[in-house]
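Okay, so here's the structure we're looking at.
Quick note: the coordinates plus some simple rules give every number you see, no bench work behind them. These figures come from a predicted structure and were not determined experimentally. Cβ placement follows ideal geometry from the backbone for every residue including glycine, while neighbour counts extend to all protein chains displayed.
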Amino acid sequence: MTDLSQNTSGTVPRKHGGSLLEQSPHTKKRNAAETRFKAYGIAAIAAGLLMLAVLVTTIVGKGTGAFQQTFVTLQVDLLEQKLDKKGNRDLADIKKVTTFGYAPIIKGAMTSVVEELGIETGLKAKQLAAILSKDAAAQLREYVIANPDQIGQTVEFRFLASSRVDGYLKGRVTRASIERDKNISPEQLDIVDALAVAGALEKTFNLDFILGADASDARPEAAGIGVAMLGSLSMMLVVLALALPIGVAASIYLEEFAPQNWLTYMIEVNISNLAAVPSIVFGILGLAVFINYMHLPTSAPLVGGLVLTLMTLPTIIISTRAALKAVPPSIRDAALGVGASKMQAVFHHVLPLAAPGILTGTIIGLAQALGETAPLLLIGMVGFIASNAPESLADGLLAPNSAMPAQIYEWAKRADPAFYERAWGGIIILLIFLVTMNTLAVILRRRFERRW
């Protein structure tokens, strides 16, 4: 009979003592370390999610106000003696009336609505008109020029309220904060409250913020990001047209055809280094080459697209080479084994299998370029007020314009709080674009991905 059969405790003795059913001190220590590591990982994820929630909440909380704007509804008498003194409806004569000529009409409309609603006030007509945006006269003039047959009629208009009035309804401006503000007075806010109760003044969705153009410092309530969006779109078209074919062609040559020597090694090292170069360096390069040497127009989306192409090329080349490397060598060997040439093997078999990775890298590179601001600062886009949309594709590429990141930067450094609010709203739109592009990258990768 062995010692094992004489063991009545039901446990198997270990070589160095103890039981297999009991954890040794070393095992307990190791399990405790694993538990702590899991706790650290969960805490790190929770902290990241918390910071993300704070970021999203802050952006949405401060930016949603830009998508709403205060409007005043007025019945405006388009007086013929003011707008068409000759009465011949000649468009040339009507255009001679500047926005200063429309100011009395707007003052009269504001005075009329206050009197019709029975609001008692000691304010003068000029002070009542100051409740409206300075863009009101330009809006009225554009309507009359487009519709000269309406002169002599009474037409209903929805005018933008001034930035102070809009801030008052949004809680950004208070009666205590305007004690030293020369742009608004408590008496004017009394009129605003009365107009709001009567329904002549209301805060509604502001589509012009999404589709409109930037405005001067005197008209922050009229500023929009639509033209800057077109500038970003034009730049992305340039980047896509240049960076994708050049980057993919360079990647295919380096990965599949280039001899492995010191020259190709230096090229690969420099491409990797270029991917880590600060973007402002590419802006300096674009300023020196494209503007100072080639004399391309300043602030043009074409120049911005060329600069962003240089910045995006390393990212596309690196991601494309990684996608090509991920294709198993057996695919190449099988193609060559049945008589295909090297080029046929690459373009007919390897490249289609690497397409998901190439598309993903390209879209991520475009998304990175879309959010860049530093290169655009140096080519003049931040100093240009994009007040008009381009009329053609050539104007979209060569005419001065801005871009979404540059427009957000420009708004953030202006003094009026209404511009700061619009900067947050522009960030929301930019993030929507970035999330959409990254989501598209994931969808395309999963759609075309093949497993072997």
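Only the Cβ atoms of Lys and Arg (+1) and of Asp and Glu (-1) were treated as charged; on that basis the dipole of the chain about its Cα centre amounts to roughly 1740 debye. Of the cross-linked pairs Lys85/Lys203; Lys28/Lys325; Lys182/Lys413; Lys62/Lys95, which ones have a Cα-Cα span greater than 32 Å in the structure shown? With Cα atoms farther than 32 Å apart: Lys85/Lys203; Lys28/Lys325; Lys62/Lys95. Taking the Cα atoms of the chain, the ratio Rg/Rh between the radius of gyration and the Kirkwood radius comes to 1.19. Taking a virtual spin label 7 Å from the Cα of Val435 along the C-beta vector, which residues in region 39-78 bring their backbone nitrogen under 11 Å of it? Answer for region 39-78: 56-57, 60.
For Lys29, the lysines whose Cα comes closer than 23 Å to its Cα, not counting residues fewer than 8 places off in the same chain, are Lys15, Lys38.
Once you reduce region 99-165 and region 352-392 to the center of their Cα atoms, the two points are 41 Å from each other. When the P(r) of region 226-448 is calculated, the portion above 25 Å amounts to 47% of the C-alpha pairs.
How do Phe347, Phe71 rank when sorted from fewest to most other Cβ atoms within 10 Å of their own Cβ?
Working: Phe347 14, Phe71 20.
Least crowded to most crowded, the residues run Phe347, Phe71.
Within the same chain, aspartates and glutamates fewer than 8 places from Lys342 are excluded, and of the rest, those with a Cα less than 16 Å from its Cα are Glu255, Glu256, Asp333.
Sorting 197-205, 305-313 by average packing, meaning the other beta carbons within 10 Å per residue, from highest down gives 305-313, 197-205. The label-point distance for Lys342 and Lys413, in a model that sets each label 7 Å from Cα toward Cβ, rounds to 5.1 nm. Packing, as the average of other Cβ atoms within 10 Å across residues, places the peptides 392-403, 43-54 in the order 392-403, 43-54, highest first. On a per residue basis, the convex hull of the C-alpha atoms belonging to region 17-149 measures out at 238 Å³.
Arrange the peptides 412-425, 72-85, 212-225 so that the one whose residues have, on average, the most other Cβ atoms within 10 Å appears first. Show your work: numbers first, answer last.
Numbers: 412-425: 19.5, 72-85: 17.2, 212-225: 21.4.
For the peptides 412-425, 72-85, 212-225, the packing ranking is 212-225, 412-425, 72-85.
Given a Förster distance of 22 Å, report the FRET efficiency between Phe67 and Ala146 from their Cβ-Cβ distance, rounded to the nearest 0.05. Efficiency computed from Cβ-Cβ geometry: 0.25.
Mean sequence separation of contacting Cα pairs (under 8 Å, at least six apart), scaled by the length of region 48-184, corresponds to a relative contact order of 35 percent. Positive end of the dipole of the chain (Cβ unit charges, origin at the Cα centre): among Ile191, Thr58, Asn270, the Cα lying farthest that way belongs to Asn270. Put in order of Cβ neighbour count within 10 Å, fewest first, the listed residues Trp411, Trp262 become Trp262, Trp411.
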